[in-house]
Amino acid sequence: MPRFVSLAALCALCFAVAALLVGFVGFARSLERAETTLAVKADGVVALTGGSYRVQEAVELLARGQAHRLLITGVNRSTRGYDLKRLLPVPRDLFACCVDLGYQALDTAGNAAETRDWAKAHDIAGSLIVVTSNYHMPRALVELSAALPGVTLYPFAVVSERVRVEDWASDMTVARLVGAEYMKYLLAVARTRLLDPVISADEAPPAPRAAPDWR
């Protein structure tokens, strides 16, 4: 019996590893290789900081009239609005009226929570363009979908020449980046679909929070 149990455990382990590897390959192959043109119009656009050109691409979507308002979430606390206003290709009056900065988020789950609060504060309940790096997009969509149920999300994946995700099978640096992102993606899926619903059902409603200052 002990030998049978050990064999069964070994088979289960091999199956889990094989499933993980197959999932990783599928994840890597699903990432956008080139930026696509997004023709939709949405109520808002959110840029998740952390990668090159994310904010610039989001600002250009706003300037083209594809969204009414922009949230830049996860902004470094030392960065002020006038710093970004000087650097970004957007008219000052548009920046002043329609660009909001979020300083609370420290990770992707925090980005989603900050976006949820911002969307509620500005009555954005229909659609949202999501701007982040191609390798980060799957996890961002998982977190945002959980935080904003009922809101249509349009992904705009930013592709950087410095991170060529198509080289995941030949470049170990890219493989490690994509592999780490895949594991974070799996954890996000597990937490948002399994753990969070259970916790939410067991916990009492949280106390009201003060409205954030988006400036």
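List every residue pair whose Cβ atoms sit under 8 Å apart, with the two residues 6 or more apart in sequence or on different chains, where the first one lies in segment 78-97 and is touching a residue at least 40 places away in the same chain (Cβ under 8 Å) and more than 18 Å from Arg64 (Cα to Cα) and the second, anywhere, is acidic (Asp, Glu) and surrounded by 12 or more Cβ atoms within 10 Å (Cβ to Cβ).
From residues that are touching a residue at least 40 places away in the same chain (Cβ under 8 Å) and more than 18 Å from Arg64 (Cα to Cα), there are no pairs.
Please specify each residue of segment 86-109 satisfying the condition of being among the basic types (Lys, Arg) and either under 16 Å from the mean Cα position of the chain (by Cα) or buried (at least 18 other Cβ atoms within 10 Å of the Cβ) (or both). Walk me through it before giving the result.
Of segment 86-109, the ones among the basic types (Lys, Arg) are 86, 92.
Listed by number, the list is empty, since nothing qualifies.
Hey, Glu161 hits all of (1) in contact with a helix residue (DSSP H, G or I) (Cβ under 8 Å, 6 or more places away or on another chain); (2) within 26 Å of Leu62 (Cβ to Cβ) but one; which does it fall short on?
With (1) in contact with a helix residue (DSSP H, G or I) (Cβ under 8 Å, 6 or more places away or on another chain); (2) within 26 Å of Leu62 (Cβ to Cβ) applied to Glu161, the lone miss is (1).
Among (1) at negative phi; (2) modelled with pLDDT under 95; (3) not in a helix (DSSP H, G or I), there is one condition Glu166 misses while meeting the rest; what is its number?
(3)
Give all pairs with beta carbons closer than 7 Å in which a residue from segment 20-40 that is touching a residue at least 12 places away in the same chain (Cβ under 8 Å) and exposed (fewer than 13 other Cβ atoms within 10 Å of the Cβ) meets a residue that is among the hydroxyl-bearing types (Ser, Thr, Tyr) and not in a loop (DSSP other than H, G, I, E, B); count only pairs at least 6 apart in sequence or on separate chains.
From residues that are touching a residue at least 12 places away in the same chain (Cβ under 8 Å) and exposed (fewer than 13 other Cβ atoms within 10 Å of the Cβ), the pairs are Val40/Tyr154.
Just the residues that are in contact (Cβ under 8 Å) with a residue 24 or more places away in the chain and part of a helix (DSSP H, G or I), please, taken from segment 130-144.
Met137, Pro138, Arg139, Ala140, Val142, Glu143, Leu144
Can you find even one residue in segment 11-18 that is under 19 Å from the mean Cα position of the chain (by Cα) and surrounded by 10 or more Cβ atoms within 10 Å (Cβ to Cβ)?
Quick first cut of segment 11-18, residues under 19 Å from the mean Cα position of the chain (by Cα) only: none.
No, segment 11-18 has no match at all.
Assess whether Leu153 counts as being assigned to a helix (DSSP H, G or I), under 19 Å from Ala109 (Cα atoms) and without any contact (Cβ under 8 Å) to a residue 40 or more places away in the chain.
Criteria not met by Leu153.
The values are calculated or read from the model by the stated rules, or taken from the named source; none is laboratory data. Predicted model, so just to flag it, every value in this text is computed and none were measured. All Cβ positions, glycine included, derive from the backbone under ideal geometry; neighbour counts span all protein chains shown.
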